[in-house]
Amino acid sequence: MIRNSTFVFLLTSFFFTCNLYAQDPIPGGCGTVGPNMVVNPEFDDGNIGFTNSFSFNNGYTCSFGDYTIASTVVNDPAVTCYNAPGFNLQTIWKVTDRINSSGGPYTPGNFMIVDPCDTIGTACSTTDLSGIIWEQTLDVCPNNTYTFSVFVKNIYTQEAINYPGSDTLPDFELTINGDTISGYYIDGVLSSDGSFQLPKMPEADSAVWFQISGAWESEGNTSANLVMKNLVPGAQGNDLALDGIFFGLCGKEVGVAVNGTTCQDDANPTAIVLDPDPATQSAGWLYYEWFRDGVLMQGDANGTFAPNLDPVNGYKGEYVMIAYEDPAGATCGHSSEPLNVISSTSAQCQGIFPVEMLSFDGKQLGQSIELKWSTAQEINNLGFEVQMSQDGLDFEMLGFVEGIGNSANVNLYTFQTGSLNSGSYIFRLRQIDYDGSFSYSDNLELSVELNNTYLVSIAPNPINANSKLRVEVEEKQEVRVELLSTDGKLVQRVGSALVENGQAFELELRGGDLPAGLYVLRVQGWNFNHFEKIIITE
């Protein structure tokens, strides 16, 4: 085990009064986060799971007070839009699914387009200003914190500003149970009031989605009525699109207390009793489940668990507790960290430190981090898992470095991460013995800073199904990506996005129907113009 290892928990405190408050723009920004509770959050199942104040138009004829679920904007010259024969809808509207405009683990699919009211009560049936554009009610557990976010976009472009009445901008608002947001984040920037005016897109090929998010304390509520509104009616210009709605439970730290010893004599095992740690236990926990080595051993309303003696392993094993906020143990579960009961002959139980750490540090190399650590001695050291986190709670494994095994000498280890976004990261080592026992190093917090005005990376190249383009910028700006022939002619507009400092813009690169050969990828911002050759294979 690692000598003097400690666990560092970075806790965030929230102070709420049943309202929406400032929150990171990522759904997991509240720490650990539960699954998405929203029905049909990406609209890929079509016109189901929600209600609103408008009329569904499957063929989309651009009438005031209509909405549709679409995968792309299609204009039919034979259809009269806004009483203007031959009006080109695609000229003023520009919207694609988010996978085509910004990076992220998204699957291309549908989005919602809303064409709000002309004026109240005339061109739209609703009397609630421009009306509720999306509404869904979900069951929640009392006295918990939830996070709510949505991607929203003004689909009316700057190119259409001369069209009569097109100077209206959507004023977007989120509420839960009638409470309006008093402050939330929009792409990482704190909003000072309860709404957000969506700017027009500067060009028809711009596709910028803004993510709006907030956190909500449920207090005594057992349901959450989620509502999105556009507060501004107008002749034209207040049209918008929605996609990627998220509502989920913010996790809690759950601890386990042990009455007895976790070091078990193989010949004469001693009974133990496990309980929720009083320091973390909540009065709202009404049901408990206890697992040993991934198998459910007990589930009831009693938090105390006394494992049964196993004929082979005694009481040894990995124990996990899940505490629920409802009496049936169906929803709102909070999981503990694994608790290991091990043999008393193990080095940990005997007070022996098989691995004595001398140092653990790191530094930035380009856009990656190089970690270095050293040991003074090693006994039965299998190796080190290198783990990384951005919030100090959820760690992911980056790789594994084999240990020396047994050594009385000073040993040096290094590990280099892949390319990272600008920002702060927390690293730790999970040292594992041959018998499976393990412990963690101290946490090491390091920052990655952008070394240049911009950074563009493409991997792998030649392009295949897994190739990705990644762009970082020093200053917030719109970035456009185009594919050119070797003689400089435009072949394809790949995508564009408004890129923040410290937030990478990522796109999947695929050859598709393009002929195999050599191309030039142009990545352009307001203060840089990057060209890079790529090869598309058959």
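Would you mind stating whether S335 is under 19 Å from N144 (Cβ atoms), touching a residue at least 60 places away in the same chain (Cβ under 8 Å) and not charged (D, E, K, R)?
The answer is yes for S335.
So which residues in segment 417-435 are under 13 Å from P354 (Cα atoms) and either of a type in the set (A, V, I, L, M) or without any contact (Cβ under 8 Å) to a residue 24 or more places away in the chain (or both)? Lay out the reasoning, then the answer.
Pass one, segment 417-435, residues under 13 Å from P354 (Cα atoms): 431-435.
Once the filter is applied, which keeps residues that are under 13 Å from P354 (Cα atoms) and either of a type in the set (A, V, I, L, M) or without any contact (Cβ under 8 Å) to a residue 24 or more places away in the chain (or both), segment 417-435 yields only I432.
Tell me, yes or no, whether segment 326-342 has at least one residue that is out of contact with any helix residue (DSSP H, G or I) (no Cβ under 9 Å at 6 or more places or on another chain) and on the phi > 0 side of the Ramachandran plot. Write out each step before concluding.
In the first step, residues of segment 326-342 are kept if they are out of contact with any helix residue (DSSP H, G or I) (no Cβ under 9 Å at 6 or more places or on another chain); the result is 326-342.
Narrowing further to those that are on the phi > 0 side of the Ramachandran plot: 329, 332.
Yes, segment 326-342 has at least one match.
Which residues, counting only those in segment 519-534, are in a loop (DSSP other than H, G, I, E, B) and open to solvent by less than 20 Å² (accessible area, probe 1.4 Å)? Quick ask: steps written out before the conclusion?
Start the filter on segment 519-534 by keeping residues that are in a loop (DSSP other than H, G, I, E, B), which leaves 525-528.
Scanning segment 519-534 gives G525, F528.
Just for segment 435-475: of the residues that are assigned to a loop (DSSP other than H, G, I, E, B) and at pLDDT 80 or above, which one is nearest to the chain's Cα centre (by Cα)?
N443
A quick yes/no check of all residues on (1) crowded, with 18+ Cβ neighbours inside 10 Å; (2) at pLDDT below 90:
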{"residue": "N302", "(1), (2)": "no, yes"}
{"residue": "N308", "(1), (2)": "no, no"}
{"residue": "Y315", "(1), (2)": "yes, no"}
{"residue": "Y319", "(1), (2)": "yes, no"}
{"residue": "A323", "(1), (2)": "yes, yes"}
{"residue": "A328", "(1), (2)": "no, yes"}
{"residue": "H334", "(1), (2)": "yes, yes"}
{"residue": "V341", "(1), (2)": "yes, no"}
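Name the residues in segment 404-419 that are modelled with pLDDT under 85, under 15 Å from L371 (Cβ atoms) and of a type in the set (A, V, I, L, M, F, W, C), would you?
Scanning segment 404-419 gives no hits.
Within segment 143-166, which residues are modelled with pLDDT of 75 or more and more than 23 Å from E42 (Cβ to Cβ)?
Result: N144, T145.
Taking M228 as the residue in question, decide whether it is at pLDDT 85 or above, under 29 Å from the mean Cα position of the chain (by Cα) and under 30 Å from N154 (Cβ atoms). Full working, then the answer.
Details: at pLDDT 85 or above: yes; under 29 Å from the mean Cα position of the chain (by Cα): yes; under 30 Å from N154 (Cβ atoms): yes.
Here the answer is yes, as M228 does meet what is asked.
Would you confirm whether or not segment 406-423 contains a residue that is within 17 Å of G436 (Cα to Cα) and not basic (K, R)?
yes
I'd like the full set of residues that are among the β-branched types (V, I, T), in contact with a Ser or Thr (Cβ under 8 Å, 6 or more places away or on another chain) and either under 15 Å from K316 (Cα atoms) or loosely packed, with under 12 Cβ neighbours inside 10 Å (or both), limited to segment 253-270.
Going through segment 253-270, the residues among the β-branched types (V, I, T) turn out to be 254, 256, 258, 261-262, 270.
Filter once more, keeping what is in contact with a Ser or Thr (Cβ under 8 Å, 6 or more places away or on another chain): 254, 256, 261, 270.
Once the filter is applied, which keeps residues that are among the β-branched types (V, I, T), in contact with a Ser or Thr (Cβ under 8 Å, 6 or more places away or on another chain) and either under 15 Å from K316 (Cα atoms) or loosely packed, with under 12 Cβ neighbours inside 10 Å (or both), segment 253-270 yields T261, T270.
Quick grid of which residues meet (1) touching a Pro at 6+ places or on another chain (Cβ under 8 Å); (2) surrounded by fewer than 18 Cβ atoms within 10 Å (Cβ to Cβ); (3) of a type in the set (D, E):
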residue: L365; (1), (2), (3): no, yes, no
residue: L382; (1), (2), (3): no, no, no
residue: D394; (1), (2), (3): no, yes, yes
residue: G405; (1), (2), (3): no, yes, no
residue: V410; (1), (2), (3): no, yes, no
residue: S419; (1), (2), (3): no, yes, no
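Considering each residue of segment 133-142, count those that are modelled with pLDDT of 85 or more and open to solvent by 30 Å² or more (accessible area, probe 1.4 Å), and give that number.
Taking segment 133-142 first, the residues modelled with pLDDT of 85 or more are 133-139.
Going one step further and asking which of them are open to solvent by 30 Å² or more (accessible area, probe 1.4 Å), we end up with 135, 137, 139.
Qualifying residue count for the region: 3.
Suppose the filter is under 30 Å from Q348 (Cβ atoms), outside any loop (DSSP other than H, G, I, E, B) and in contact with a His (Cβ under 6 Å, 6 or more places away or on another chain); does A257 pass it? Walk me through how you get there before you give the answer.
Working: under 30 Å from Q348 (Cβ atoms): yes; outside any loop (DSSP other than H, G, I, E, B): yes; in contact with a His (Cβ under 6 Å, 6 or more places away or on another chain): no.
Here the answer is no, as A257 does not meet what is asked.
Restricting attention to segment 280-296, which residues are farther than 28 Å from N143 by Cβ and either open to solvent by less than 80 Å² (accessible area, probe 1.4 Å) or in a strand (DSSP E or B) (or both)?
As a first pass, look at segment 280-296 and keep what is farther than 28 Å from N143 by Cβ: 292-295.
Selection gives R292, G294, V295.
Restricted to segment 480-518, and to residues that are outside any loop (DSSP other than H, G, I, E, B) and basic (K, R), which residue is most open to solvent (accessible area, probe 1.4 Å)? Spell out the reasoning first.
Going residue by residue through segment 480-518, those that are outside any loop (DSSP other than H, G, I, E, B) are 480-484, 490-499, 505-508, 517-518.
Now narrow it down to the ones that are basic (K, R): 480, 493.
Details: R480: 65, R493: 142 Å².
The selected residue is R493.
Output the residues belonging to segment 401-420 that are out of contact with any Lys or Arg (no Cβ under 9 Å at 6 or more places or on another chain) and within 27 Å of S447 (Cβ to Cβ).
Listed by number, the residues that qualify are V401, Q416, T417, G418, L420.
Report the residue count in segment 338-387 for those that are among the polar types (S, T, N, Q), in a strand (DSSP E or B) and more than 14 Å from I432 (Cβ to Cβ).
Applying the first criterion (among the polar types (S, T, N, Q)) to segment 338-387 yields 340, 343-346, 348, 350, 359, 364, 367-368, 374-375, 377, 380-381, 387.
Retained after the next criterion (residues that are in a strand (DSSP E or B)): 340, 343, 359, 364, 368, 374-375, 377, 381, 387.
If we keep only those that are more than 14 Å from I432 (Cβ to Cβ) too, we end up with 343, 359, 364, 368, 374, 377.
The total comes to 6.
The values are calculated or read from the model by the stated rules, or taken from the named source; none is laboratory data. Predicted, not measured: the structure shown is a model, and the values here were computed from it. We place every Cβ from the backbone using ideal geometry, glycine too, and count neighbours over all the protein chains shown. Side chains are part of the model used for accessible areas, which takes the heavy atoms of the whole protein and leaves out ligands, DNA and RNA. Shrake-Rupley method; radii C 1.70, N 1.55, O 1.52, S 1.80 Å.
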